[in-house]
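Read the structure below first, then the notes.
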Amino acid sequence: RVTPLRNLPEDGVIRIAIPSVAQKLTAAFVRCLGEVQARAACPVEFVFFTGEAGVSHAAATHNLLRELKNATIHGALPYPDYIREINRCQIHACTFPFGGTNSLLDSLHQGLPLVAMEGAEVHARIDASFIRRAGLPKNLICHSEQEYVDCLLRLVEHPDEILRLRHQLLNGDSVNSVFMRTGIPELFADQLRS
């Protein structure tokens, strides 16, 4: 475990974590990030965790840096290094329409609030389910690209809200108690269904 950071970075840059393989980085998603970066009143850095290596990592890096002026693209990292880098971020931007699962737990454990786009299909509903189960505000669940951009901008421009949500995640019911109650493995699926 890496001890979660409880303060904002001294350099004033809000770092947004995007743990996702490159195939989930759709044009619509990257376009939303570009709009956030263009409109934000403070510096924003997108930190991608693609888990890739070699040519696929080089291609993802080239394409993302062509669209986003301030981004870091990590390839495959050992898990402890990945968690240390996640810990340096303040927000987790969920990809859409294909979300995640393990990366959501990683971010929640480190106190990062999630911002998700909820869709009609199962693969587009998981991230929103995690937000609900973690007791995070429903206004972090978006239903349009504009809502998604506005939600990220609201957090970026109101770091006190990021700190409040981080405090809630780190000091309330632990993520494990919400998602992984001991002795009942079926509970995880039941939690996502609710």
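The values are calculated or read from the model by the stated rules, or taken from the named source; none is laboratory data. No experiment lies behind these values; they were computed from the predicted model shown. Note that we place each Cβ from the backbone using ideal geometry, even for glycine, and neighbour counts take in every protein chain shown. SASA here: full protein model, heavy atoms, side chains in, ligands and nucleic acids out. Shrake-Rupley method; radii C 1.70, N 1.55, O 1.52, S 1.80 Å.
Please verify whether residue 4 is in a loop (DSSP other than H, G, I, E, B), open to solvent by 30 Å² or more (accessible area, probe 1.4 Å) and in contact (Cβ under 8 Å) with a residue 40 or more places away in the chain, treating the condition exactly as stated.
Criteria met by residue 4.
With the condition kept exactly as written, say whether any residue in segment 87-107 is modelled with pLDDT of 95 or more, open to solvent by less than 60 Å² (accessible area, probe 1.4 Å), assigned to a helix (DSSP H, G or I) and aliphatic (A, V, I, L, M).
no
Name the residues in segment 108-125 that are buried (at least 18 other Cβ atoms within 10 Å of the Cβ), of a type in the set (Val, Ile, Thr) and closer than 10 Å to residue 97 by Cα, would you?
none
What's the total number of residues in segment 108-134 that are touching a strand residue (DSSP E or B) at 6+ places or on another chain (Cβ under 7 Å), charged (D, E, K, R) and in a helix (DSSP H, G or I)?
1
Give me a count of the residues in segment 45-68 that are open to solvent by less than 30 Å² (accessible area, probe 1.4 Å) and of a type in the set (Val, Ile, Thr). Reasoning before the result, please.
Pass one, segment 45-68, residues open to solvent by less than 30 Å² (accessible area, probe 1.4 Å): 45-50, 52, 60, 64, 68.
Filter once more, so that each one left must be of a type in the set (Val, Ile, Thr): 47, 50.
Looking only at that region, the number is 2.
Name the residues in segment 8-24 that are surrounded by fewer than 20 Cβ atoms within 10 Å (Cβ to Cβ) and under 15 Å from the mean Cα position of the chain (by Cα), would you? Show your work before the answer.
Going residue by residue through segment 8-24, those that are surrounded by fewer than 20 Cβ atoms within 10 Å (Cβ to Cβ) are 8-13, 21-24.
Residues satisfying the conditions are 21, 22, 24.
In segment 27-45, is there at least one residue being without any contact (Cβ under 8 Å) to a residue 12 or more places away in the chain, in a helix (DSSP H, G or I) and not small (Gly, Ala, Ser)? Explain how you work it out, then say what you get.
Taking segment 27-45 as the starting set, the residues that turn out to be without any contact (Cβ under 8 Å) to a residue 12 or more places away in the chain are 27, 38.
In the following step, the residues that additionally are in a helix (DSSP H, G or I) were identified as 27, 38.
This time we only want the ones that are not small (Gly, Ala, Ser), so: none.
No, because not a single residue in segment 27-45 is without any contact (Cβ under 8 Å) to a residue 12 or more places away in the chain, in a helix (DSSP H, G or I) and not small (Gly, Ala, Ser).
Go through segment 105-134 residue by residue and tally those that are acidic (Asp, Glu) and in contact with a Gly (Cβ under 7 Å, 6 or more places away or on another chain).
First, pick out the residues of segment 105-134 that are acidic (Asp, Glu): 106, 118, 121, 127.
Checking which are in contact with a Gly (Cβ under 7 Å, 6 or more places away or on another chain) leaves us with 127.
Residues in segment 105-134 being acidic (Asp, Glu) and in contact with a Gly (Cβ under 7 Å, 6 or more places away or on another chain): 1 in total.
State all residues of segment 137-170 that are over 19 Å from residue 15 (Cβ atoms), outside any helix (DSSP H, G or I) and either open to solvent by 70 Å² or more (accessible area, probe 1.4 Å) or among the hydrophobic types (A, V, I, L, M, F, W, C) (or both); if no residue qualifies, say none. Even if it seems obvious, please write down each step before you answer.
Filtering segment 137-170 for residues over 19 Å from residue 15 (Cβ atoms) gives 137-139, 141-147, 150, 168.
Now restrict to residues that are outside any helix (DSSP H, G or I): 137, 141-144.
Once the filter is applied, which keeps residues that are over 19 Å from residue 15 (Cβ atoms), outside any helix (DSSP H, G or I) and either open to solvent by 70 Å² or more (accessible area, probe 1.4 Å) or among the hydrophobic types (A, V, I, L, M, F, W, C) (or both), segment 137-170 yields 141, 142, 143.
What about residue 84, is it open to solvent by 10 Å² or more (accessible area, probe 1.4 Å), under 22 Å from residue 42 (Cβ atoms) and under 15 Å from the mean Cα position of the chain (by Cα)? Quick ask: steps written out before the conclusion?
Working: open to solvent by 10 Å² or more (accessible area, probe 1.4 Å): yes; under 22 Å from residue 42 (Cβ atoms): no; under 15 Å from the mean Cα position of the chain (by Cα): yes.
For residue 84, the condition - open to solvent by 10 Å² or more (accessible area, probe 1.4 Å), under 22 Å from residue 42 (Cβ atoms) and under 15 Å from the mean Cα position of the chain (by Cα) - is not met.
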